[in-house]
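The values are calculated or read from the model by the stated rules, or taken from the named source; none is laboratory data. In this text, all values refer to a predicted model and were calculated from it rather than measured experimentally. With ideal geometry, Cβ positions are generated from the backbone for all residues, glycine too; neighbour counts draw on all protein chains shown. Just the protein is used for accessible areas: all its heavy atoms, side chains included, with ligands, DNA and RNA removed. Shrake-Rupley method; radii C 1.70, N 1.55, O 1.52, S 1.80 Å.
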Amino acid sequence: MLHRMTDEDVTGMTVIVADDDDALRDLIADALRSDGYKVVEARDGEELLSLVADSVGDAATRPDVVVVDVRMPKLSGLGVLEELRRTYVRLPVVVITGFSPDSVEVVARRLGAMGVLRKPFDMDDLRTAIVNARAR
């Protein structure tokens, strides 16, 4: 069931966007900020996990949704999913990928990803995936 985005859906929502491609990360972050999201950016999976660890126990800084690229230096998006699962941190995650075969989508979902989008994707599809991930 798809959920239509409303202003209530984004008001006060924090999204972490992790991608090593600066231009794409900036594009996604800017688009989400213009929608009213609070966006925190990470350049790789290790930085993302550090941001999540810093927010554990603090509802004011804890992200509502994570958007993570599969291929990143230091720690991949799948590695992030594995680590979140291992540490029992339950966050809705949307995975984005440009290079992955269908098997990556299967693995990502098995590890807990709420959505998987292939690059290039439409920003409206990402918006919908974020709202649906949070609603689950």
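Comparing Pro73, Pro120, Pro92 in a Gaussian network model of the chain (Cα springs below 10 Å), the most mobile by mean-square fluctuation is Pro120.
Under a 1.4 angstrom probe, counting protein chains only, how are Ser34, Ser103, Ser55 ranked by accessible area, largest first? Let's see the in-between values first.
On the way: Ser34 90, Ser103 70, Ser55 5 Å².
Sorted by accessible area, descending: Ser34, Ser103, Ser55.
Of the accessible area of the range 16-136, computed with a 1.4 Å probe over protein heavy atoms only, carbon and sulfur atoms account for 50 percent. Sites listed here are trypsin sites (Lys or Arg not before Pro) in the range 47-112 whose DSSP assignment is loop and whose Cβ has at most 14 other Cβ atoms within 10 Å: Lys74, Arg90. Excluding ligands, DNA and RNA, the accessible surface per residue across the chain is 55 Å² with a 1.4 Å probe. Mean separation of Cα pairs under 8 Å and 6 or more residues apart, divided by the residue count, gives the chain a relative contact order of 25 percent. Just check the range 1-122 against the gyration tensor rule for me: Cα atoms, a ≥ b ≥ c as the square roots of the eigenvalues, rounded for a/c under 1.5, and otherwise prolate or oblate depending on whether a/b exceeds b/c. Since a/c stays below 1.5, the shape of the range 1-122 is classed as rounded. From helices alone, the chain scores -13000 deg cm²/dmol at 222 nm; the rule is -39500 (n - 2.57) for each run of n ≥ 4 DSSP H residues, then divide by the residue total. Only one residue of Thr97, Leu27, Tyr37 has its Cα farthest out toward the positive end of the dipole of the chain, where Lys and Arg carry +1 and Asp and Glu -1 on Cβ, and that residue is Thr97. Placing +1 on the Cβ of every Lys and Arg and -1 on the Cβ of every Asp and Glu, with nothing else charged, gives the chain a dipole about its Cα centre of roughly 560 debye.
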